[in-house]
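Taking it in order: structure first as structure tokens, then the write-up.
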Amino acid sequence: MGIKSDRWIRKMALEQQMIEPFEPNQVRRSNNQPIVSYGTSSYGYDVRCADEFKIFTNINSSIVDPKQFDDRSFVDVQSDVCIIPPNSFALARTVEYFRIPRDVLTICLGKSTYARCGIIVNVTPLEPEWEGHVTLEFSNTTPLPARIYANEGVAQMLFLGADEVCETSYKDRAGKYQGQTGVVVPRT
């Protein structure tokens with residue numbers, strides 16, 4: 001298994017629509033203003049956060065239970081920025097829609113710009129033949145409110161190519177998050 005390069009990412013994105021919309025280069029400015037970068041990097045792809053957020057709230061005194069998730073645990077926000085309360089959590093999604101090849105496993109890591117501010121991005125691996133918008137999980141580990149910018153980079157996807165094709169893919173198993181769009185809460 002080996003990590004895939006920028007050349008491979010560009011080829012797969014253009015020939016097989018692996019990433020849509022796709023940015024073949026690293027974008028660092030918008031309207032002549034600095035932004036948190038996104039697009040193709042040397043050995044990965046920096047994804048953007050869409051403008052749809054679900055911010056955890058305790059106004060309904062719900063218990064967070066992955067088997068019986070209460071949608072009232074979140075406040076829905078659509079905005080160019082998301083303010084996550086201190087020591088709190090929010091969900092978002094990528095701007096990009098992914099179609100992972102059968103011989104690839106994708107791992108997501110947070111960008112250092114956010115990590116150095118105490119904002120942790122968590123995403124579980126994207127399995128072979130998974131497709132959809134990626135749900136992003138943000139934890140604000142600080143005692144201060146934290147800002148997330150929509151349509152700017154938030155995390156980097158690394159693509160690991162397998163030596164052989166897997167026997168059973170996520171698509172074969174009819175995974176519960178297959179083809180997801182929007183911000184998706186836990187499912188059982």
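The values are calculated or read from the model by the stated rules, or taken from the named source; none is laboratory data. Computed from a predicted model, the values in this text were never measured in an experiment. Every residue, glycine among them, receives a Cβ derived from its backbone with ideal geometry; neighbour counts consider all protein chains shown.
Of note:
- Among the residues making up region 123-166, a single one is free of Cβ contacts under 8 Å to residues at least 24 places away in the same chain and either surrounded by 20 or more Cβ atoms within 10 Å (Cβ to Cβ) or out of contact with any Leu (no Cβ under 8 Å at 6 or more places or on another chain) (or both): 124.
- Hey, residue 26 at positive phi and modelled with pLDDT of 95 or more or not: no
- Scanning region 26-57 for residues that are assigned to a loop (DSSP other than H, G, I, E, B) and exposed (fewer than 11 other Cβ atoms within 10 Å of the Cβ) turns up 31, 32, 42.
- Highlighted here are the strands (runs of 3 or more DSSP E) found entirely within region 100-172 that include at least 3 residues which are of a type in the set (S, T, N, Q): 131-140.
- Against the test of being touching a strand residue (DSSP E or B) at 6+ places or on another chain (Cβ under 6 Å), over 14 Å from residue 49 (Cβ atoms) and hydroxyl-bearing (Ser, Thr, Tyr), the options 113, 135, 188, 106 yield a single qualifying residue, 106.
- Any pair with Cβ under 6 angstrom, 6 or more apart, that starts in region 167-188 at a residue that is among the aliphatic types (A, V, I, L, M) and ends at one that is part of a loop (DSSP other than H, G, I, E, B): 185/69
- Hits in region 85-116 - residues which are surrounded by fewer than 19 Cβ atoms within 10 Å (Cβ to Cβ) and touching a Leu at 6+ places or on another chain (Cβ under 6 Å): 86, 105, 107
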